[in-house]
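The values are calculated or read from the model by the stated rules, or taken from the named source; none is laboratory data. In this text, all values refer to a predicted model and were calculated from it rather than measured experimentally. Every residue, glycine among them, receives a Cβ derived from its backbone with ideal geometry; neighbour counts consider all protein chains shown.
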Amino acid sequence: MQNHSLSRLISESVQQCPYPRKAVYALALLQDLKAAGYLIDRSVLHLVNQRFDSTLSLESLPTFFIEVGEERVKLCSGSVCRYHGYDRLRGQLLQQGVEVQSTPCMGRCHAPPVANVAEKVIEQANLEICLETCRLVMR
């Protein structure tokens, strides 16, 4: 259902595209989709590229603009989180095939370890909560 409405939304945007450089409009559309709550993953990017005849790649987009739609967990690597299970949680996530990105202190030292999945902060993070949040985001 969501893929059908997303595909229709992208098609309508292509028809309204006033720019000769469609990649610029494709980027603007991706920003709008992200703001509307869509997860921008490889399948969405493929749809946009296909409809706009573009060659954007996830790797070429700035990380502040887009979250790669694969399972990715940002894990606080501050000293408090390291003391309270960072290494164990990182190892467990990697064993489950989840990409882990270490980040500087997230400022949530009262509830370590801290993770971030698609801009959702998880305090007192554990493997089950991180995996469930990844599954919810991937839907």
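Under 8 Å between Cβ atoms, at least 6 apart or on separate chains: pull out the pairs that start in region 37-51 with a residue that is of a type in the set (Ser, Thr, Tyr) and end on any residue that is not in a helix (DSSP H, G or I).
From residues that are of a type in the set (Ser, Thr, Tyr), the pairs are SER43/GLY69.
Which ones in region 78-131 are among the small types (Gly, Ala, Ser) and touching a Pro at 6+ places or on another chain (Cβ under 7 Å)?
GLY78, GLY85, ALA125
Counting only residues that are surrounded by 15 or more Cβ atoms within 10 Å (Cβ to Cβ) and within 12 Å of the chain's Cα centre (by Cα), which one in region 127-139 is nearest to LYS34 (Cα to Cα)?
So, considering only residues that are surrounded by 15 or more Cβ atoms within 10 Å (Cβ to Cβ) and within 12 Å of the chain's Cα centre (by Cα), the one nearest to LYS34 (Cα to Cα) is VAL137.
When you check PRO62 against the structure, is it at pLDDT 85 or above and exposed (fewer than 12 other Cβ atoms within 10 Å of the Cβ), yes or no?
Numbers: at pLDDT 85 or above: no; exposed (fewer than 12 other Cβ atoms within 10 Å of the Cβ): yes.
Spelling it out, it is not the case that PRO62 is at pLDDT 85 or above and exposed (fewer than 12 other Cβ atoms within 10 Å of the Cβ).
I'm trying to understand the selection: among the residues of region 107-136, which are farther than 15 Å from GLY85 by Cα and either basic (Lys, Arg) or in contact with a Cys (Cβ under 7 Å, 6 or more places away or on another chain) (or both)?
Across region 107-136, the qualifying residues are VAL117, LYS120, ARG135.
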